[in-house]
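Just so you know, all these numbers are worked out from the coordinates, no wet-lab data involved. Every value quoted in this text rests on a predicted model; they were computed, and no experiment measured them. Cβ: placed from backbone, ideal geometry, glycine included. Neighbour counts: every protein chain shown.
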Amino acid sequence: MTTTYLLIAIAIIVLLYTMSLYNRFVSLRNNAVKAWSNIDLLLKQRHEELPNLVAACKEYMNHENDLFTKVTALRNEAETARQSQDVNNISKSEGALTLAVNGLLAKAEAYPDLKSSANFQQLMGRVSTLEDSITDRREFYNESVNILNTRRDQFPAMIVARGFGFAAKPLYEVEAGQKGSVDVGSLFNKA
């Protein structure tokens with residue numbers, strides 16, 4: 001009789017612990033999904049703002065057509081990657097776009113009339129704010145994913161995670177070419 005109660009108590013404890021782990025994984029997964037949604041929203045805003053910035057710059061920088069073409073092409077490539085929800089392609093294409101936008105802003109500094117344009121200043125501030133927000137959200141996303149992936153790989157939680165199909169999520173990584181300093185001087189020499 002005592003053995004029966006002991007087995008029932010152990011079964012209840014195991015069941016409660018499994019439910020607790022399952023609920024924790026649901027919470028961690030939802031945090032990572034929410035963090036990704038925040039990045040996606042900022043990337044969408046960035047893609048909506050960039051054509052306005054390019055149009056404002058074009059008025060003053062007619063002979064810099066190759067730079068505008070490059071930014072536009074990279075924006076389209078990044079938008080396609082964003083819509084596919086593939087974190088690895090997004091990080092690659094968004095990184096290239098960030099470098100191109102930085103190049104555009106650096107080039108724009110050489111045009112005093114453009115720099116004094118209130119429209120350009122507003123757009124440049126908006127793009128800069130979006131870039132900072134994307135960086136912050138990417139850090140938050142990676143932290144959420146890291147917590148989820150770490151918890152998923154710990155014992156005994158790994159049994160519950162794998163049993164209920166909680167998969168590891170990829171980190172939003174920066175490409176190697178984007179980690180170094182930007183050579184602003186070389187941007188001005190490209191004419």
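So, in nm, how far is label ALA55 from label GLU173 when the simple model puts each one 7 Å beyond its Cα toward the Cβ?
Going from the ALA55 label point to the GLU173 one covers 3.8 nm.
Whole Å is fine, so just give me how far the alpha carbon centre of the range 1-39 lies from that of the range 95-161.
35 Å
Determine ³J(HN,Hα), in whole Hz, for all residues of the range 142-156 in sequence, where each value follows from phi through the Karplus function 6.51 cos²θ - 1.76 cosθ + 1.60 and θ = phi - 60°; x replaces Gly and Pro.
Coupling constants for the range 142-156: 4, 5, 4, 5, 4, 4, 4, 5, 5, 4, 4, 8, 8, 8, x Hz.
Do any of LYS58/LYS92; LYS107/LYS169; LYS44/LYS169; LYS34/LYS58 go past 32 Å between their Cα atoms, and which? Present the calculation step by step, with values, prior to reporting the outcome.
Details: LYS58/LYS92 26 Å; LYS107/LYS169 38 Å; LYS44/LYS169 21 Å; LYS34/LYS58 37 Å.
Cα-Cα > 32 Å for LYS107/LYS169; LYS34/LYS58; rest within.
Which ordering of LYS92, LYS34 is given by a fewest-first count of other beta-carbon atoms within 10 Å? Provide the component values of the computation, followed by the final result.
On the way: LYS92 19, LYS34 12.
Fewest-to-most Cβ neighbours within 10 Å comes out as LYS34, LYS92.
Classify the range 1-57: rounded, prolate or oblate, from the alpha-carbon gyration tensor (a ≥ b ≥ c, eigenvalue square roots; a/c under 1.5 rounded; otherwise prolate if a/b is larger than b/c)? Walk me through the numbers before you get to the answer.
On the way: a/c = 15.27, a/b = 13.65, b/c = 1.12.
Prolate.
Using 0.36 nm per residue, how much length does the chain from THR18 to ILE147 gain when fully extended, once their Cα-Cα distance is taken away?
Details: separation 129, 0.36 × 129 = 46.44 nm, distance 1.85 nm.
So the chain would gain 44.6 nm between THR18 and ILE147.
Sort the following peptides by mean Cβ neighbour count (other Cβ atoms within 10 Å, averaged over residues), highest first: 159-170, 97-108.
97-108, 159-170
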